[in-house]
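Each reported figure results from applying straightforward, stated rules to the coordinates on display, with no laboratory input. Predicted model only: the values in this text are computed from it and were never measured. Here the Cβ positions follow ideal geometry from the backbone for every residue, glycine too, while neighbour counts run over all protein chains shown.
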Amino acid sequence: MTIPFTNDTLVKDIVNELPKTSDVFKKYRIDFCCGGNIPLHEAASKKAVNLDDVLQELKELYQREIDRTDNLEVWTSSSSSEIINHIKTHYHHPLMEELIQLTPYVLKVSKVHGNHHPELLKVYELFTEFKEEMIEHTEKEEKDIFPLLLKLESMQKENKNKVIAHIQELEKEHDYAGSLLAQLRDVTSDYKLPAEACGTYTLVYKRLEALESETFMHVHLENNILFPRYM
Ligand SMILES: [Fe+2]
Ligand SMILES: [Fe+2]
């Protein structure tokens with residue numbers, strides 16, 4: 001596997017290519033924002049960190065992202081328990097991690113740039129609402145609804161009706177999460193960055209946009225492949 005960056009690639013270009021790499025740089029206290037205009041090897045030596053360690057982590061992160069690209073067709077012929085495991089591993093766990101990791105960045109840009117760009121205050125508000133909704137929704141799926149779906153075969157008819165009501169409620173929550181993402185897209189004018197946007201600003205827009213496309217795939221898998229089996 002070849003990763004699209006080397007020791008000589010500028011730190012800011014690595015973050016632009018794959019915004020999630022900012023977590024690795026943050027861990028090693030490498031500045032990817034205003035000081036990101038230097039090659040990776042120089043940034044590593046400035047912070048006296050082992051270049052190979054950093055590269056290895058970037059490589060693993062890149063591989064994980066490649067593995068995550070989903071062929072949805074495969075799932076129509078898979079068992080429900082396979083789909084549920086896939087949803088938990090590839091969507092729920094990364095989503096929970098991303099919501100936590102992204103929070104301080106969204107807060108930071110809204111505080112630092114909110115005066116000149118009031119839409120960033122709205123971005124923070126919408127992101128926080130999306131985060132709270134998705135944490136609660138995902139917990140409900142994992143703790144209550146998915147186990148119910150897996151038990152469904154042995155159930156009486158009236159219990160099956162209850163499951164349908166639960167699924168309809170989840171679908172409504174998906175619609176609401178989708179409307180928050182639509183509002184985020186709207187207030188950011190399709191994630192259009194101002195010319196003077198700094199690294200953190202850029203990172204927030206790129207990661208929010210990635211969060212949107214991951215959520216669309218995630219919801220598609222539940223709404224259109226998993227849930228119709230029980231309706
Ligand atoms: Fe889910
Ligand atoms: Fe869901």
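Observations on the model:
- With helices as the sole contributors, the chain gives -21500 deg cm²/dmol at 222 nm; each DSSP H run of n ≥ 4 counts as -39500 (n - 2.57), and the sum is divided by every residue.
- Note on segment 77-151: the C-alpha convex hull projects to 5.8 nm² when averaged across all orientations.
- C-alpha long axis of helix 51-68 to longest principal axis of the chain, angle in °: 30
- In this structure, the residue pairs whose Cα-Cα separation is over 30 Å, taken from Lys26/Lys131; Lys59/Lys172; Lys111/Lys143; Lys47/Lys108, are Lys59/Lys172; Lys111/Lys143.
- Magnitude of the charge dipole for the chain, about its Cα centre and with charges confined to Cβ atoms of Lys, Arg (+1) and Asp, Glu (-1), is about 360 debye.
- Under the criterion of Cα pairs below 8 Å and six or more residues apart, the relative contact order for segment 118-201 equals 51 percent.
- Here's the picture: charge each Lys and Arg Cβ at +1 and each Asp and Glu Cβ at -1 in the chain, and of Pro4, Ser45, Thr200 the one pushed furthest to the positive end of that dipole is Ser45.
- For segment 1-102, a simple Cβ point-charge model (Lys and Arg +1, Asp and Glu -1, everything else neutral) yields a dipole of about 360 debye relative to the Cα centre.
- Three principal axis extents of the chain based on alpha-carbon atoms, in descending order, are 66, 43, 25 Å.
- Between the residues Tyr62, Pro94, Val74, the greatest Cα displacement towards the positive end of the dipole of segment 1-113, with unit charges on the Cβ of Lys, Arg, Asp and Glu, is found for Pro94.
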